[in-house]
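Reviewing the structure listed below.
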Amino acid sequence: VVHSFDAGALRKRHGLQGPIDDAFMDSFIMVEPTGRAQCEEIGHWTTNEMRKAIVEWRNQFRGDPRVKRDDEITEADIAHNNLVLWGDPQSNRLLAKMADKLPIVWDGKGVRVGKNNFDSTHHLPVLIYPDPLDPQRYVVLNSGFTFAHPVSSSNAEQTPKLPDYAVVDIDGPPSVAVAGEVVEAGFFDEEWKLADAYK
């Protein structure tokens, strides 16, 4: 496990370039939060989306994804798996450890993508990023694979529906990829940073 994290040293490369769906091409663990959500509505949403992601994985890939509580994750889990974290920085202890190392700020005050601010009572980020606890692996926030039923019934439609990150308004109309309105989305640059327009 990496104990010092240098975001300035990150580079996109094969196997660590996104988008969100790339995390599911290798070993992963879905990590369930054990703490209380900073916003009840967001907490319900992330719980429902996690349950949906588990069911969709079974339906599409005929197997059960590995799921562990945030207090059950070991150093070996971190070293050998991509981590799919559900919850928020208050409810998920692993997300709390890395929240200040992610390029999108998410706290009780809001979700901030560069200069753009969103109310955190009904917005949340979904994203993929090198895991600050082991930058050779991914961390994903609040997303399973992004093609979902019924679109996913055809192999021709089983392509990524979200880029590296998105901000979701859970009160908005659902999109193909997520139960909510995608109000902002994009790719991180080759150094895993927000594009210049957002700095």
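The values are calculated or read from the model by the stated rules, or taken from the named source; none is laboratory data. No experiment lies behind these values; they were computed from the predicted model shown. Every residue, glycine as well, gets a Cβ built from its backbone with ideal geometry; the counts of neighbours run over all protein chains shown.
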- request: Taking the options Glu49, Glu75, Glu56, Glu40, name whichever one is acidic (Asp, Glu) and under 15 Å from the mean Cα position of the chain (by Cα).
  value: Glu49
- line: The correct count of residues that are over 19 Å from Arg93 (Cβ atoms) and touching a residue at least 24 places away in the same chain (Cβ under 8 Å) in region 50-73 is 8
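Considering only residues of region 1-37 that are of a type in the set (Val, Ile, Thr) and within 14 Å of the chain's Cα centre (by Cα), which is modelled with the lowest pLDDT?
Of region 1-37, the ones of a type in the set (Val, Ile, Thr) are 1-2, 20, 29, 31, 34.
Next, only the ones that are within 14 Å of the chain's Cα centre (by Cα) stay: 20, 29, 31.
Working: Ile20: 95, Ile29: 98, Val31: 98.
Of everything passing the filter in region 1-37, Ile20 is modelled with the lowest pLDDT.
Looking only at residues in region 74-112 that are among the β-branched types (Val, Ile, Thr) and touching a residue at least 24 places away in the same chain (Cβ under 8 Å), which one is nearest to Arg137 (Cα to Cα)? Explain how you work it out, then say what you get.
Start the filter on region 74-112 by keeping residues that are among the β-branched types (Val, Ile, Thr), which leaves 74, 78, 84, 104-105, 111.
Going one step further and asking which of them are touching a residue at least 24 places away in the same chain (Cβ under 8 Å), we end up with 78, 84, 104, 111.
Values: Ile78: 8, Val84: 11, Ile104: 18, Val111: 24 Å.
The residue in question is Ile78.
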field: Residues located in region 31-45, provided they are part of a helix (DSSP H, G or I), free of Cβ contacts under 8 Å to residues at least 60 places away in the same chain and either in contact with an Asp or Glu (Cβ under 6 Å, 6 or more places away or on another chain) or crowded, with 19+ Cβ neighbours inside 10 Å (or both)
entry: Gly43
- line: Over region 9-30, the set of residues surrounded by fewer than 16 Cβ atoms within 10 Å (Cβ to Cβ), part of a helix (DSSP H, G or I) and of a type in the set (Gly, Ala, Ser) is Ala9
